[in-house]
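What follows is a short report on a single structure.
The values are calculated or read from the model by the stated rules, or taken from the named source; none is laboratory data. Predicted model, so just to flag it, every value in this text is computed and none were measured. Note that each Cβ is placed from the backbone with ideal geometry, even for glycine, and that neighbours are counted across all protein chains shown. Remember, those area values only see protein heavy atoms, side chains included, never the ligands or the DNA or RNA. Shrake-Rupley method; radii C 1.70, N 1.55, O 1.52, S 1.80 Å.
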Amino acid sequence: ILNVEQSPQSLHVQEGDSTNFTCSFPSSNFYALHWYRWETAKSPEALFVMTLNGDEKKKGRISATLNTKEGYSYLYIKGSQPEDSATYLCAFHSGYALNFGKGTSLLVTP
Amino acid sequence: KAGVTQTPRYLIKTRGQQVTLSCSPISGHRSVSWYQQTPGQGLQFLFEYFSETQRNKGNFPGRFSGRQFSNSRSEMNVSTLELGDSALYLCASKASGGEETQYFGPGTRLLVL
């Protein structure tokens, strides 16, 4: 089992705040890093699949960066909205299977 | 395109029973993976099927098994249920065996009494 750590465990911000979370993963045997957004009572929704060191991806107000040499990825949300409230999961793929972190639970209040 | 569907959505069983969960992937997807989530834990990988063959397997006891049919639909079976098997079981599909996005179903919530 490969250790994937996410921090913080939970986060509460006000509408309009920008925020970021961290995903740490083993720096060896890197294949890909996935980010998912999981709202309560819904299916996890894929945000990004990142494969190259230095990758930066963006989807609307959400962006992510990847550093495979040091084993971390950041997810940024600019101008958080209440609808961004969800658990954000990262998953490290070593070429065998996806290893998920426990997620960062984000609550955005108006 | 219809998304990944899982049946049933909720299930209550008693210890010692066995259960079968079903997953229908997105049309055209040949890979189906299964995950377990228990309270306080991240998603744990159970196994992956690709073109009717189990390709990868996680660290779960032999009571957990699965199969995939020619239409890519997959079933997961848990025999001799234990209280600790109470969890949300998710399946995810992707088009091929490569590194691309997996699409998750809504999950089956299993409660073992």
**Report entry** Excluding exposed DSSP-loop trypsin sites (Lys or Arg not before Pro) (at most 13 other C-beta within 10 Å), longest clean stretch of chain B
**Finding:** B:64-113
Query raised in the report: Quick one: Kirkwood hydrodynamic radius for region A:1-72, alpha-carbon pairs, angstrom, one decimal?
Result: 13.6
**Report entry** Buried solvent-accessible surface, both chains (A, B), 1.4 Å probe, Å² to nearest 100
**Finding:** 1600
Query - Apportionment of accessible area to carbon and sulfur, region A:1-109, percent (1.4 Å) - result: 46
Query raised in the report: How much length is gained on full extension from A:S85 to A:K69, taking 0.36 nm per residue of separation minus their Cα-Cα distance?
Result: 2.7 nm
Report task. Would you list which aspartates and glutamates come within 20 Å of B:K13, measuring only between C-alpha atoms, while excluding same-chain residues fewer than 8 positions from it? Result -> B:E75, B:E82, B:D85
Requested in this report: Over chain A, give the accessible area per residue in Å² for a 1.4 Å probe, as an integer.
Outcome: 50
Query raised in the report: Which are the unpartnered cysteines of the protein assembly as shown, meaning those with no other cysteine Cβ under 4.7 Å from their Cβ?
Result: none
Query raised in the report: At 4 °C and 1.567 mPa s, what whole-number value in µm²/s does Stokes-Einstein give for the translational diffusion of chain B, with Rh from the Kirkwood sum over Cα pairs?
Result: 93
Report summary line: Taking a straight Cα-to-Cα line shorter than 28 Å from A:K57, and setting aside same-chain lysines fewer than 8 residues away, one finds A:K42, A:K69, A:K78, A:K102, B:K1, B:K94
Report task. Pop out the carbon and sulfur fraction of the accessible area of region B:1-87 as a percent, whole number, probe 1.4 Å. Result -> 47
**Report entry** Dimensionless Rg over Rh [region B:1-51; C-alpha; Kirkwood]
**Finding:** 1.00
Query raised in the report: When the Cα atoms of region A:35-110 are enclosed in a convex hull and the volume is divided per residue, what value in Å³ results?
Result: 97
Query raised in the report: When the label point is put 7 Å from the Cα of B:N71 along its Cα-to-beta-carbon vector, which residues of region B:11-25 have a backbone N closer than 20 Å?
Result: B:20-25
Requested in this report: Name the residue farthest towards the positive end of the dipole of chain A from the options A:Y96, A:S27, A:Y72, assuming +1 on Cβ of Lys and Arg, -1 on Cβ of Asp and Glu, about the Cα centre.
Outcome: A:Y96
Query raised in the report: In terms of the ratio Rg/(2.2 N^0.38 Å) built on C-alpha atoms, what value belongs to region B:60-113?
Result: 1.31
Query raised in the report: Simple spin-label model, 7 Å along Cα-to-Cβ: B:L88 to A:E5 in nm?
Result: 2.5
